[in-house]
Amino acid sequence: MTDARPIAIFDSGIGGLTVLAALRRRLPAERFVYLGDTARLPYGTKSAETVVRYAVRAAGFLAGHDAKLLVVACNTVSASALPALEEAMEVPVVGVVAPGARTALAVTHGRVGVIGTESTVASGAYGRALRALDPEIDVVARACPLFVPLAEEGWWDHPVTREVAALYLEPFARGRVDTLILGCTHYPLLRPAIAAAVGDDVRLVDSAEAVAAEVEALVARRELAGSGGGVRLLVTDAAARIDRIARLILPDTAVNLELVDLPD
Ligand code: DGL
């Protein structure tokens with residue numbers, strides 16, 4: 001028995017493509033439909049109420065594509081809107097915060113840094129997820145709002161990005177944390193600049209692999225495995241820049257962005 005319905009993946013922009021890449025490596029026989037709400041990006045500077053409203057609308061749109069499960073490949077949405085999405089959707093919903101927290105706890109010696117959008121940091125979601133698993137854990141969080149536009153610009157290891165990273169990440173350098181959660185799906189794209197700013201002794205945690213492992217287990221447990229493969233990339237604004245960046249993140253995929261409108 002196979003289930004030919006696609007797995008839906010959602011982010012505000014191209015950051016979630018880092019999660020899609022990990023999912024495709026683990027689940028090559030699955031069909032994926034990816035939605036980047038590029039017309040409304042950034043989500044991370046907006047209020048939680050607005051993020052919930054945008055997320056519920058996007059999830060409803062993806063439900064209309066007959067998705068068998070929804071992967072919320074956006075920390076901002078996972079931090080603020082997961083309960084609303086679980087209520088709105090009839091299929092399982094997988095977020096990125098819990099898998100990222102579990103991965104960090106598996107490698108840390110007790111001092112964890114978290115970087116993310118303003119919205120993610122203000123939500124306190126990572127602190128809660130980490131302390132629920134280990135009440136003794138020491139957590140320091142900082143918003144890095146310029147990282148998303150730098151990633152979307154394709155300046156992944158640009159001198160300006162290295163300079164911005166050095167300024168933002170100063171509180172995490174020189175051994176003040178031993179593990180740093182990249183709490184935004186755009187940030188793995190800036191990994192070399194982030195690693196240079198915090199130094200070799202700090203473990204960087206990207207939740208993409210952990211999310212992909214969780215989805216793989218869920219697909220097996222619920223007997224949802226598909227056959228066929230393939231990717232559809234839907235965006236709400238198809239600027240040439242988005243197309244260029246998508247090709248860089250998914251070099252093995254035939255990138256063909258489809259412009260869509262999200263109904264109210
Ligand atoms: N990729 C999103 C995240 O993981 C943030 C991008 C945005 O601010 O819209 O939080």
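The values are calculated or read from the model by the stated rules, or taken from the named source; none is laboratory data. Note that the structure is predicted; figures quoted are calculated from it, not measured. Backbone-built Cβ (ideal geometry, glycine too); neighbour counts: all protein chains shown.
Values computed for the structure shown
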| read-out | value |
| --- | --- |
| Segment 39-52, residues that are assigned to a loop (DSSP other than H, G, I, E, B) and more than 9 Å from the ligand (Cβ to nearest atom) | ALA39, SER47 |
| Spans of helices (runs of 4 or more DSSP H) in segment 53-131 with at least 2 residues without any contact (Cβ under 8 Å) to a residue 40 or more places away in the chain and more than 14 Å from the ligand (Cβ to nearest atom) | 75-88, 97-107 |
| Residue in segment 248-264 that is surrounded by 21 or more Cβ atoms within 10 Å (Cβ to Cβ) and not in a loop (DSSP other than H, G, I, E, B) present | no |
| Qualifying residue in segment 215-234 (condition: in a helix (DSSP H, G or I), touching a helix residue (DSSP H, G or I) at 6+ places or on another chain (Cβ under 8 Å) and at pLDDT 90 or above) | yes |
| Criterion violated by ALA151 - all others in (1) hydrophobic (A, V, I, L, M, F, W, C); (2) at pLDDT 95 or above; (3) within 16 Å of the ligand (Cβ to nearest atom); (4) crowded, with 22+ Cβ neighbours inside 10 Å satisfied | (2) |
| Among residues of segment 114-134, those that are buried (at least 24 other Cβ atoms within 10 Å of the Cβ) and of a type in the set (D, E, K, R), counted | 0 |
